[in-house]
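> The structure's right below; bear with me while I get my questions together.
The values are calculated or read from the model by the stated rules, or taken from the named source; none is laboratory data. As the structure is a prediction and not an experimental result, all values here were calculated from the model. Cβ coordinates were reconstructed from backbone atoms using ideal geometry, including for glycine residues, and neighbour counts include every protein chain displayed.
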Amino acid sequence: MIWNPDCETLDRPGLNGLQGERLGRLVDVLFRRVPFYRRKMEEKGVKPGDVQEIGDIAKLPFTTKDEMRDVYPYGLLAVALPEIVEIHTSSGTTGKPVVDAYTRCDIEVWSEVMARTLSAGGTTRHDIVQNAYGYGLFTGGLGVHYGARRIGATVIPISGGNTKRQLAVLRDFASTVLTCTPSYSLFLAEAAREEGLDLRGVGLKAGFFGAEPWSESMRTEIESKLGALAIDIYGLTEIIGPGVATECEHQDGLHISEDHFYPEVIDPLTERILPDGEKGELVITTLTKEGTPLLRYRTRDITYLDHSPCPCGRTTVRMHRVLGRTDDMLIIRGVNVFPSQIEEVILSVDGVEPHYQLVVERRDQLDELEVQVEMNEKLFSDEIKGLEKMERKIEADLYAGLNIHTRVKLVEPKSIARSEGKAKRIIDRRLE
Amino acid sequence: MSVRQISIFLQNTKGRLAEVTRLLAARKINIRALSLADTADFGVLRIIVNDPDACLAALKESGIVAQETEVLAVEIEDRPGGLERVLAVLDAAGLNVEYMYAYVEKAKDNAIMICRIDDRERAARVLVENGIGTLTAEALTTL
C-alpha cells in the first residue's frame, strides 16, 4: 500500500525539479546559518547561487562522521535551540556520539516517512504494532512509534528486551506487526518454541527489520518461523533514524524517500559518482531537514542504486540491501570486494559454517586473496580429491559470483581466532 | 570383513602431526598402521588403531575433525608379484582402489595391505572368490 501517492509516484522530472528546489534552499540556509558548512563551501569555492538544480549537487562538499564528531554537540544546528523539540544521538560506541536534533517540522517528516515505510509492508489503521525497537536516544523506537501513530495503527511501545513479556503480548494482544532487529525476531521465535508457542499461529502479517545487516537466507528463515512478510528497512541516526528507505511488498530493493533524502553512490576512494548498478558508498543529502541538515553525508554503507520502475508503482529510486561497510571493503586487483559478498557465496556451499577469514597478500606486485574456510565434521571427506574438489568448487563459485580469483584453503576448526562479538575477518598483509 | 580406519584432517603446520600422536600416546592408543596424504594446504592422516572408539572420543574432545571409514585388510603373499595379483583381480572386476598402505605386522607368511576400494562389499567377495583373504578387525588385533 502506498501511503503518499503524490510523493511516492511522482514522475522523474517532477521529482528532480522538487529536489533541485529543495537543495537550493538548503544550501542557502547552511551557508548563512552553519559556520561549519560556510567554511566547507568557501573552501570548495561554491556559493549558494551556484546550486540551481539537483545535478549541481556534485559541486558541494561531503560530510563525514568524524567531522560531525568534531563539532559535537551543537555545531551543526541550523536553527536556534528553542526550535528544537527532540534530540537523538548514536550510541557512541566508536567515539563521540553523533547528534540529530529535530524541529517540530522534522518530527512531522519523520512521521511521514515512517508511515510510508510501515504502509509499504501493508500496515493499516487496523493493525496492532508491537514495537520492540528500543525507546530512548536510539532512533528505532520513536521512529516506528511516530509512523504507526501517523497511520492510526495501535502501537504497543514495549521497547526492546524482556522476551517473556514480548511473547505474552504477542499472544494476548494478537499483534499483527512486529518491529525489531532481524536477529531479535529469530531469538523470539526460538524462545516461543521453547515455551510451546508457534509464532506462525499468532496472526503476525509483517515484520519490519533493520538496524543491523542481514541476508536473504536470514529472511527466508524469519518468514518461515514467523509466518509473516519480513521487510528490510534502512535508516541512520545522522540522517533521521529509520524511514530513509524501505522495501515494498516485492522485496526487491529498498525505496528511498528521495523527496527528503537525496541519494548518491560514489567510489569511496575517488569520490566519483557511480551510475546505477555499480557498487559504492551511499551518500545522502537531507533535502528538507531543519534542525541538523547534512550535505552529502558519507554513510560508509555499501550499496548500489536502481532507477528502473518497480511493479509496486512507486517511482522512487531503490537501493540494494546494504552489502557491507566501506571500513571492510577490500580492493583486489582493482575489484571492490566486501566480506559480506564472499560470506554469501561460501555459506551457500552445503555444510560450510560461517567461520572464515580473508588474507590478502601481494606477490610479484599482484594482489592475492586467500579465503580460509574452517573444516568441520560435515564437510570432511576421507579422500584428498574430495577435499580438493570442494576447494576448487568454492573458488569457482566465488569467481562466478564476484569475478575475482581466490585461493580457497581449508583449515582446522577453531584455527580462526574468535573475538568477542565481531570476528576478525580480514588480514591485509599488503599493509605490513 | 572390514576394518575401522580413522581419518583425521590436519593443517599443514609445523608440529601438528606430533600434537596428534602425543594426544593418542597419552590415551594409550596404539597406532598399528598409518598413511599420510597431503596437499600444499592440508593433510589427511589415516590410521588403524587398537581402540577406534577411544581414539575417536579423544580426537573429538580436542576439537580435531576425524571420521571413521571402513576399509579392507587384504592378505598378500610376501613375494614378487603378490600385490600385482590382488590388483589384477580387482581390476578385472572393475573395482577402483582409492588408496592403500601397508600394515605393520604380517599374518603368518602374508603381508597385509589396508585398502580403500569404492565398492567394499563386492571387493571382499571378489577377493575371496579368487582365494585372497581379508582379515576381520578381531583377527587384525590378535596379530
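> Given the structure, is B:VAL20 within 13 Å of another protein chain (Cβ to nearest Cβ), in contact (Cβ under 8 Å) with a residue 24 or more places away in the chain and not in a strand (DSSP E or B)? First the steps, then the outcome.
Values: within 13 Å of another protein chain (Cβ to nearest Cβ): yes; in contact (Cβ under 8 Å) with a residue 24 or more places away in the chain: yes; not in a strand (DSSP E or B): yes.
In short, yes.
> I would also like to ask the following. Kindly evaluate A:THR179 against the criterion of being closer than 30 Å to A:ILE284 by Cα, modelled with pLDDT of 95 or more and among the hydroxyl-bearing types (Ser, Thr, Tyr).
Yes, satisfied.
> Here's a follow-up. Consider B:ALA33 against the criteria (1) in contact with a Phe, Trp or Tyr (Cβ under 9 Å, 6 or more places away or on another chain); (2) at the interface with another protein chain (Cβ under 10 Å from one of its Cβ atoms): it satisfies all of them except one. Which criterion is unmet?
Looking at each condition in turn, B:ALA33 falls short on (2).
> May I pose another question? β-branched (Val, Ile, Thr) and either crowded, with 16+ Cβ neighbours inside 10 Å or in a helix (DSSP H, G or I) (or both): is that true of A:ILE107 in this structure? So that I can check it myself, show each step before the final result.
On the way: β-branched (Val, Ile, Thr): yes; either crowded, with 16+ Cβ neighbours inside 10 Å or in a helix (DSSP H, G or I) (or both): yes.
It is true that A:ILE107 is β-branched (Val, Ile, Thr) and either crowded, with 16+ Cβ neighbours inside 10 Å or in a helix (DSSP H, G or I) (or both).
> Right, something else. Check segment A:350-361 and report whether any residue there is surrounded by 14 or more Cβ atoms within 10 Å (Cβ to Cβ), in contact with an Asp or Glu (Cβ under 6 Å, 6 or more places away or on another chain), within 14 Å of chain B (Cβ to nearest Cβ) and not in a helix (DSSP H, G or I).
Yes, the conditions are met somewhere in segment A:350-361.
For (1) closer than 18 Å to A:PHE380 by Cβ; (2) within 14 Å of chain A (Cβ to nearest Cβ); (3) of a type in the set (S, T, N, Q); (4) crowded, with 18+ Cβ neighbours inside 10 Å, each residue gets a yes or a no:
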{"position": "B:ASN12", "(1), (2), (3), (4)": "yes, yes, yes, no"}
{"position": "B:LEU45", "(1), (2), (3), (4)": "yes, yes, no, yes"}
{"position": "B:GLY94", "(1), (2), (3), (4)": "no, no, no, no"}
{"position": "B:ILE112", "(1), (2), (3), (4)": "no, no, no, yes"}
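> Continuing with this model, one more query. Quick check on my filter: what residues within segment A:101-153 are of a type in the set (Val, Ile, Thr) and at positive phi?
Correct list: empty.
> Does segment A:51-62 contain any residue that is at pLDDT 95 or above, under 22 Å from A:ILE273 (Cβ atoms) and within 21 Å of the chain's Cα centre (by Cα)?
yes
> To continue, here is another question. Given the structure, is A:GLU370 within 14 Å of chain B (Cβ to nearest Cβ), closer than 18 Å to A:ARG407 by Cβ, in contact with a strand residue (DSSP E or B) (Cβ under 7 Å, 6 or more places away or on another chain) and not aliphatic (A, V, I, L, M)?
Answer is yes for this residue.
> Take the conditions over 17 Å from A:CYS7 (Cβ atoms) and surrounded by fewer than 24 Cβ atoms within 10 Å (Cβ to Cβ) and apply them to A:ILE273. Does it pass?
Answer is yes for this residue.
> Let me ask something additional. Is one or more of the residues making up segment B:47-56 away from every other protein chain (no Cβ under 13 Å), assigned to a strand (DSSP E or B) and either charged (D, E, K, R) or touching a helix residue (DSSP H, G or I) at 6+ places or on another chain (Cβ under 6 Å) (or both)?
yes
> Looking only at segment B:39-52, how many residues end up being within 18 Å of B:GLU68 (Cα to Cα) and free of Cβ contacts under 8 Å to residues at least 40 places away in the same chain?
Number of matching residues: 4.
> What are the residue pairs meeting all of these: first residue in segment B:57-72, first residue away from every other protein chain (no Cβ under 11 Å) and closer than 30 Å to B:VAL128 by Cα, second residue part of a strand (DSSP E or B) and not β-branched (Val, Ile, Thr), Cβ atoms under 8 Å, and 6 or more apart or on different chains?
Within 8 Å, the pairs are B:LEU72/B:SER2; B:LEU72/B:CYS115; B:LEU72/B:ARG116.
> Now for a separate question. Which one of A:LEU379, A:LEU410, A:LEU387 is within 12 Å of another protein chain (Cβ to nearest Cβ), touching an Asp or Glu at 6+ places or on another chain (Cβ under 7 Å) and buried (at least 16 other Cβ atoms within 10 Å of the Cβ)?
Within the list A:LEU379, A:LEU410, A:LEU387, the selection yields A:LEU410.
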